[in-house]
Each structure stands twice: as C-alpha cells, then as structure tokens.
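For reference, the structure discussed in these notes is given below.
The values are calculated or read from the model by the stated rules, or taken from the named source; none is laboratory data. Because the structure is predicted, anything quoted here is derived from the model rather than measured. Quick reminder, even Gly has a Cβ in these numbers, built from the backbone with ideal geometry, and neighbours come from all protein chains shown.
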Amino acid sequence: MSVYTPVMPSKENSVRFRISAIYRTSYDEAEEIDPDDASIQMITLRPVFEIPLGSLPVDLGAGFAFHRFQGDDFQSFWHWSVPMQAQLRIPIGRVFRLRGGLSVDIYPRFDGSDFSPLIVNVSTEKAEAVLGAFLGFDLEVF
C-alpha cells in the first residue's frame, strides 16, 4: 500500500513524495534458511522521492527504507536500506494510472547475530543489492 503527494502541488509534473508500507514473508524453499521450517517476516516503511523525466511518463526515485525483521525463531530487529527505482506510469482514464517498474535496494551488511540462531543467506561482510519489480495502480483522489 502506498500514498503520494506532489512536493509542489501547483507545478505540473512535480516531484512526488511517496510512502509505502510493505509486508513480506518468506519460507525456506531454496534452502536459504536453516532450520528448514523457519520463516521470516519483513515489514517495510519506504519513503521515496519520485522525479519525473520531463514530459515522459517515466520517473526515477530514491529514498530511505526501514525494515522490521521478525519471526518465531529469532529476536526481531530493525535494518535499513537505500531504495532506487525507475517506473513507468500509464494513464487509464481520468483518475487511474498503471504503475510498474524495477527497483534495487542497497542493504548495508547485516550483523552476524541479526537472525541468530537461524542461518540465513545474507551478507555479514559487505553491502548487498536486492533487485525487485513492482506493479500497481494509482488512484487520484483529490
């Protein structure tokens, strides 16, 4: 779920500020979590500035994300990342826009004890990049 607002509402094609709330859960299907029956949930709060590229329906975005990792098998903790994205906005009627794009989140290295006692496939030695794709609709309310 996300909401956005133009930074300068009176200016056409203005920079937008979007904040998203995201819930993800993972179970060990690719043997990246040990023990096999463990699960990890991630709740993300992701504020991003979206910068339109001229009159094109394309935006570049960057921000700062806060992630809460939790599960039954380890102590919950917070971690952060730097999200960057490129998105395409396609108008559908007067108030809807299809929105899709690609993103990358740069996570600083995790601490060795972050998921303890679980063994997970995240870097404790260096930052890592996580690629993503997204698709959604914007509804213009005001």
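Per-residue answers, yes or no, for (1) part of a strand (DSSP E or B); (2) among the small types (Gly, Ala, Ser); (3) surrounded by 15 or more Cβ atoms within 10 Å (Cβ to Cβ):
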residue	(1), (2), (3)
Pro83	yes, no, yes
Leu98	yes, no, no
Gly101	yes, yes, yes
Asp105	yes, no, yes
Ala133	yes, yes, no
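Among what's in region 107-131 and is in a strand (DSSP E or B) and surrounded by 13 or more Cβ atoms within 10 Å (Cβ to Cβ), pick the residue that is modelled with the lowest pLDDT.
Of region 107-131, the ones in a strand (DSSP E or B) are 107, 119-120, 128-131.
If we keep only those that are surrounded by 13 or more Cβ atoms within 10 Å (Cβ to Cβ) as well, we get 107, 120, 128.
Numbers: Tyr107: 96, Val120: 82, Glu128: 94.
Across region 107-131, the extreme among qualifying residues is Val120.
Condition check: touching a strand residue (DSSP E or B) at 6+ places or on another chain (Cβ under 9 Å), assigned to a strand (DSSP E or B), in contact (Cβ under 8 Å) with a residue 12 or more places away in the chain and on the phi < 0 side of the Ramachandran plot. Does Phe77 satisfy that? Walk me through it before giving the result.
On the way: touching a strand residue (DSSP E or B) at 6+ places or on another chain (Cβ under 9 Å): yes; assigned to a strand (DSSP E or B): yes; in contact (Cβ under 8 Å) with a residue 12 or more places away in the chain: yes; on the phi < 0 side of the Ramachandran plot: yes.
Criteria met by Phe77.
Ile43: within 12 Å of the chain's Cα centre (by Cα), at pLDDT below 95 and surrounded by 14 or more Cβ atoms within 10 Å (Cβ to Cβ), yes or no?
Values: within 12 Å of the chain's Cα centre (by Cα): yes; at pLDDT below 95: no; surrounded by 14 or more Cβ atoms within 10 Å (Cβ to Cβ): yes.
It is false that Ile43 is within 12 Å of the chain's Cα centre (by Cα), at pLDDT below 95 and surrounded by 14 or more Cβ atoms within 10 Å (Cβ to Cβ).
Restricting to region 1-33, name every residue that is more than 23 Å from Trp80 (Cα to Cα) and either at pLDDT below 85 or of a type in the set (Asp, Glu) (or both).
Result: Met8, Pro9, Ser10, Lys11, Glu12, Asn13, Glu29, Ala30, Glu31.
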